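Notes for the one structure printed next.
The values are calculated or read from the model by the stated rules, or taken from the named source; none is laboratory data. In this text the structure is predicted, and so the values were computed from the model without any measurement. Ideal geometry is used to build each Cβ from the backbone, glycine not excepted, and the neighbour counts take in all protein chains shown.
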Amino acid sequence: MRLALVAMAAFCLAGCGYHVGGQGNLLPKDLKTIAVVPWNNATSQYKLSSYMAEAISREIISRTNYRVVADPAQADATISGGIANMFTSASVYDPVSGRGTGAQVMVQVQVRLVAKDGKVLFFRPNLEFRGRYEIAVDPKQYIDESQSTLDRISKDMARTVVSSILEMF
């Protein structure tokens with residue numbers, strides 16, 4: 001009986017190789033510094049590429065032990081990206097005036113993490129992120145919420161990308 005209990009305990013403690021999501025790190029062990037370079041922007045949206053690169057930097061700093069640097073020559077790997085498209089469309093209309101009262105924003109990005117030796121560690125050619133914001137019907141009460149929506153999309157993108165990089169998902 002005692003032998004069976006010991007065997008069962010050993011079996012349970014050995015586990016089956018799974019780990020809690022967000023806790024793994026499948027990047028090379030010798031990776032210590034990551035450069036986040038300015039992103040390309042194929043859209044006409046001002047500062048969107050800056051939001052994206054800054055959000056990635058903040059997410060890496062807050063969630064990992066990697067040191068973020070600006071110069072790729074001083075880094076073990078470099079994250080680069082680009083905004084391929086951005087679409088905005090009205091999603092809710094005021095039935096009286098026919099004007100849009102809600103907008104949907106969709107941003108498509110490309111992200112790449114490349115090691116110093118040129119090996120591609122992570123690449124996603126088409127990631128899509130969405131956000132919504134409200135538009136006041138009365139022009140006197142109008143406040144442009146599009147920039148704060150792009151900031152939220154950037155933070156969502158950074159969380160998703162850094163999680164995907166760490167888990168190689």
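Figures for the structure shown
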{"read-out": "Residues of segment 33-68 satisfying the condition of being surrounded by fewer than 17 Cβ atoms within 10 Å (Cβ to Cβ) and over 19 Å from Leu150 (Cβ atoms)", "value": "Thr33, Val37, Ile61, Ser62, Arg63, Thr64, Asn65, Arg67"}
{"read-out": "Residue within segment 43-50 that is out of contact with any Cys (no Cβ under 6 Å at 6 or more places or on another chain), assigned to a loop (DSSP other than H, G, I, E, B) and not hydroxyl-bearing (Ser, Thr, Tyr) present", "value": "yes"}
{"read-out": "Residue list for segment 77-124, filter: at pLDDT 85 or above and hydroxyl-bearing (Ser, Thr, Tyr)", "value": "Thr78, Ser80"}
{"read-out": "Arg63 vs. criteria modelled with pLDDT of 90 or more and among the basic types (Lys, Arg)", "value": "yes"}
{"read-out": "Residues of segment 125-156 classified as at pLDDT 80 or above, among the basic types (Lys, Arg) and either over 13 Å from the mean Cα position of the chain (by Cα) or surrounded by fewer than 16 Cβ atoms within 10 Å (Cβ to Cβ) (or both), total", "value": "2"}
{"read-out": "Close pairs (9 angstrom Cβ cut-off, 6 or more residues apart or separate chains): within 13 Å of Phe129 (Cβ to Cβ) in segment 151-169, of a type in the set (Val, Ile, Thr) and in a helix (DSSP H, G or I) anywhere", "value": "Ser154/Ile56; Met157/Ile56; Ala158/Ile56; Ala158/Ile60; Val161/Ile56"}
